[in-house]
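First the structure, in the form of structure tokens, and then the observations on it.
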């Protein structure tokens, strides 16, 4: 461990993301202390970190105390939490007090409040991409096939609508077919929204996922991966636009290879690309 190493407190959700962040933080010479949540987290994280503890969702005081006891200096959140199941949590006093103060319970509002609580205890909250920068979506055309004229128009429509929805802290993804929004993402998640949108719009839908304007990028970056691209083929969707530099793309090389074999177009969206 080098002299500049720190103790990173990892709040681990599900999927491969917390594993990649834990490995990346350790590779940079840091000590990693992880908290997982029963029924929500990837338990493989336990095997590769220095110290770990399993808690129930809502045990905020125990989480804070565990990090303090283990000398954590920076906190990073990575991985998915099953949002419908999260309604079943029984918050401890500190979590209940935090929730009571919030006028709304949207993702961004809640995560900002949690970030403020960590910072009030002296922790520095950092984005997970600091330890896994390879996951950031590149800009521009990522596949061999370019979007058709209609798909490009749908990407522009989806970009505009998704950003407006993001400002209201609703979701990050929309499905578009020939200028018509066939689905918007809410609590169900991207893959369920895509399935619904494609079932309504039919073959030829485009999917757009963006970073919410003003979103807290240290704790909630939009993400997408191979499962979504694979689902596109099954559902007949033909084009995917993901905001570049502010979104995470898991298994990108595998996704591009699959997309190229199946005539699917993937674009790393920027405002310049959409406007041109």
Notebook entry, point to check: In vacuo Debye scattering of the stretch 1-40, one point per C-alpha: log10 I(q)/I(0) at q = 0.18, 0.25, 0.30 Å⁻¹?
Noted result: -0.48, -0.79, -1.00
Next item on the list: Determine how many Å³ per residue the convex hull of the Cα atoms of the stretch 4-87 encloses.
Entry: 74
Next item on the list: Work out the FRET efficiency for residue 61 and residue 272 from their Cβ-Cβ distance, taking R0 = 51 Å, and round it to the nearest 0.05.
Entry: 0.65
Notebook entry, point to check: Each label point is 7 Å from the Cα along the Cα-to-Cβ direction; what then is the distance between the points at residue 233 and residue 69, in nm?
Noted result: 4.8
Next item on the list: Would you mind classifying the stretch 136-275 by shape? Square roots of the alpha carbon gyration tensor eigenvalues, ordered a ≥ b ≥ c; an a/c under 1.5 is rounded, otherwise it is prolate if a/b is larger than b/c and oblate if not.
Entry: rounded
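Readers should treat all values here as calculations from the given coordinates under stated rules, not as data from a laboratory. Nothing here was measured: the structure is a model prediction, and the numbers come from that model. No Cβ is skipped: glycine too gets one built from the backbone with ideal geometry, and neighbour counts run over all protein chains shown.
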